[in-house]
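Since the structure comes first, as structure tokens, the remarks are kept for the end.
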Amino acid sequence: MSQVVDLYSEPHVPLIAIVGRPNVGKSALFNRLTRTRAALVEDLPGTTRDRNYGELDWNGRRLRAVDTGGLLGEEPEEIGLLVQDAVKRAIEEADILLFVVDGVDGPTEPDYEIAAMLRRIAQPLIVVANKGDVKQASERLDEFYALGFGTARFVSAIHGNGVADLLDEICEVVAETPIEERKEERKINIAIVGRPNVGKSSLVNAILGEQRTIVSSIPGTTRDAIDTYFVFEGHEMVLVDTAGIRRRGRVERGVERHSVQRADRAIERADVVFLLIDQGELLTAQDTHIAGYVQKNARGLILVVNKWDLAEERSERHNVVRQVDHRYRFVPWAPVMLTSTVTSEGVRDLLELAVHVAAVREHRIPTAELNRVIRKAVTSHSPPTMRHKRLKVLYATQAEVAPPTFVLFVNDTSLVHFSYRRYLENQLREAFELDGTGIRMIFRNRSEDRVEVSV
């Protein structure tokens, strides 16, 4: 159906796996190496669970890094085993390992257990003592020898101390891959959102055909917003699995709050949003709240009724779609898809629809054609009179794509009633087939400066 592609796999780009026990600063080091804030950093053990991949360039060398969950943490048994399996997969893929330990605490019993596991690994390994400084390095140097991997490199992931020297050493160990010119393709960003435990991570794995993200029956398993690059029928895509979004009043402080914020940001940078709805619980206020947030940001939206394989009356497809359409009538342009991550039913159709919606968002309408449709709409249904004045639509232009943004110059913006705005939007959608995506309509007074039209 689709293939998972490392966009820089030709030629091979060395992969750095960051491993260690919980709360030693692995995610902070990942963010420092990739110069991003892609990994969720919280002063709580077990914050990271899924593998998180990123890229970096260093002195003309291209590298990749993968952040992993903490080994030997105090997670529930089911999640702990899944985290360990994800770490093992990252180690198998890696060209070099960074074994991160706490430079202040020194080696701990879990560190020695992890070291015993890693000694069976063939890949090169560097011990990285994080949260350290020069004084602590001299005091604790002998202690880290006991792990069995030679001298530890002291760094501060937060402040960047020692990281440049660490990267120099990594480049000496791994094979050289020069940075080459490559054409930057427009990628389709897809955010998968929804309430906890509706199958978001399972959908990611069904799309990719592998266990890329941790799947558990325990709600809240996913915490980070995990980006995965892949290709579907020649289209480069970025798939973002997010944490489950609960009602605002039930979101706990700390990790969950930051996870929800990252899910919100994933929506804001997405081209298309898959809103997953559990077929056993179709109509919830929280799902409509999320859809409203997508609409506010004018993203593409597909309503995905998941776990369809568990439906008791599978012949009731039309009835289910009708119920969802009625509940989400404030986004009548959002299509409804029924999927099963267990049987992969509907998954390919879902991706094909995402490609279509992304193309709709990029469509530019000729100004003359746009004004012809607006004039016809106004002639067919005149604006209502307000305060003895009638709205006049003088001119329209498309200012932006992705999302489609239309600017309408009128005699008085205070005369624009929301119902007439909605009428004009419906006319535009019908005329230009703007299905699947939110659009923006901006009304300006005739006396205001005209907006600059993007080319």
Any idea how many residues of the stretch 357-384 are within 33 Å of the chain's Cα centre (by Cα) and surrounded by 17 or more Cβ atoms within 10 Å (Cβ to Cβ)?
5
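Could we say that Leu434 is out of contact with any Leu (no Cβ under 6 Å at 6 or more places or on another chain), closer than 24 Å to Ala298 by Cβ and either in a helix (DSSP H, G or I) or at pLDDT below 95 (or both) here?
Working: out of contact with any Leu (no Cβ under 6 Å at 6 or more places or on another chain): yes; closer than 24 Å to Ala298 by Cβ: yes; either in a helix (DSSP H, G or I) or at pLDDT below 95 (or both): no.
So Leu434 fails the test.
Within the stretch 305-329, work out how many residues are of a type outside the set (D, E, K, R) and closer than 23 Å to Val355 by Cα. Please lay out each step first, then the result.
Filtering the stretch 305-329 down to residues of a type outside the set (D, E, K, R) leaves 305-306, 308, 310-311, 315, 318-321, 323-324, 326, 328.
Imposing the further condition that a residue be closer than 23 Å to Val355 by Cα reduces the set to 305-306, 308, 321, 324, 328.
Residues meeting the conditions: 6.
Conditions tested, residue by residue: (1) surrounded by fewer than 24 Cβ atoms within 10 Å (Cβ to Cβ); (2) at pLDDT 75 or above; (3) among the β-branched types (Val, Ile, Thr); (4) under 14 Å from the mean Cα position of the chain (by Cα).
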{"residue": "Ile190", "(1), (2), (3), (4)": "no, yes, yes, yes"}
{"residue": "Thr213", "(1), (2), (3), (4)": "no, no, yes, yes"}
{"residue": "Ser217", "(1), (2), (3), (4)": "yes, no, no, no"}
{"residue": "Thr242", "(1), (2), (3), (4)": "no, yes, yes, yes"}
{"residue": "Leu283", "(1), (2), (3), (4)": "yes, yes, no, no"}
{"residue": "Ala291", "(1), (2), (3), (4)": "yes, yes, no, no"}
Please give the number of the condition Gln323 fails out of (1) surrounded by fewer than 17 Cβ atoms within 10 Å (Cβ to Cβ); (2) within 20 Å of Gly199 (Cα to Cα); (3) in contact (Cβ under 8 Å) with a residue 24 or more places away in the chain.
(2)
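The values are calculated or read from the model by the stated rules, or taken from the named source; none is laboratory data. From a predicted model like this one, the values you see are computed outputs, not experimental measurements. Because the Cβ atoms are built from the backbone with ideal geometry, glycine has one as well, and the counts that use them run over all protein chains shown.
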